[in-house]
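See structure below.
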Amino acid sequence: MTIIANMGDGELGKTESIKMVYEKLCKVAEGEPVHKEPNKENKKDICAWLMINKIKVGIASDGDTQAIVRGNLDFLTDAGCQIILTASRSNHDMVCLLNEYENEYRIWRTSNAHLFEQNTHPRVAPQGILKRFNEHWATEIANLIESWCYKVKE
């Protein structure tokens, strides 16, 4: 069982990247996703789980505060998700929060913006390059999750 934490500062596309993964996985999912009650203050984020090859995959795109991340992770772990993708800020408090789930889940920290941060400076980056990095990351993560779902059942 794994939690994939897409970590980073604000405004680097964590939400958009995770939503791209969600859209890709919905295309191969069995049935309809099960959504957490939407946060009426923040309509851009999602928290839901779906089934792929009888494996529950949870996805949460809001990683701004500990309370939100904990609420999303509790919803997804209570649902029995074996693989969870969540957004998270990269500060110490969030790292400690994620570590609380280490008894049941392997925690894998990644970043959609890592290549972007390594290869360009945000103030001088060509327009659209962050979106392309985010799309690449989303494709790779969606492919990885899908492959895990099929490997687990073999």
Qualifying strands (runs of 3 or more DSSP E) (wholly inside segment 1-111; at least 3 residues being over 15 Å from the mean Cα position of the chain (by Cα)): 30-35
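Matching residues to (1) among the β-branched types (Val, Ile, Thr); (2) at pLDDT below 90:
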position	(1), (2)
69	yes, no
86	yes, no
91	no, yes
104	no, no
115	no, yes
129	yes, yes
136	no, yes
Kindly provide the set of residues from segment 117-127 that are loosely packed, with under 13 Cβ neighbours inside 10 Å and either at pLDDT 75 or above or not in a loop (DSSP other than H, G, I, E, B) (or both), ordered by number. 118, 119
Residue 8: passes all of (1) at pLDDT below 85; (2) out of contact with any Lys or Arg (no Cβ under 7 Å at 6 or more places or on another chain) but (2)
Do you know which residues across segment 49-77 are in contact with a Gly (Cβ under 7 Å, 6 or more places away or on another chain) and more than 18 Å from residue 96 (Cβ to Cβ)? 49, 51, 56, 76
For segment 24-33, state whether one or more residues are of a type in the set (Lys, Arg), surrounded by 23 or more Cβ atoms within 10 Å (Cβ to Cβ) and either in contact with a helix residue (DSSP H, G or I) (Cβ under 6 Å, 6 or more places away or on another chain) or modelled with pLDDT under 90 (or both). no
Please go through segment 138-154 and pick out each residue that is acidic (Asp, Glu) and at pLDDT 85 or above. 140, 146
Filter result for the condition that a residue is over 19 Å from residue 7 (Cβ atoms), crowded, with 16+ Cβ neighbours inside 10 Å, in contact (Cβ under 8 Å) with a residue 24 or more places away in the chain and of a type in the set (A, V, I, L, M), over 46, 55: 55
In the set 36, 56, 44, which member is over 24 Å from residue 137 (Cα atoms) and of a type in the set (Lys, Arg)? 36
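The values are calculated or read from the model by the stated rules, or taken from the named source; none is laboratory data. Quantities reported herein were computed from a predicted structural model and do not represent experimental measurements. Virtual Cβ from ideal backbone geometry, glycine too; neighbours counted across all protein chains shown.
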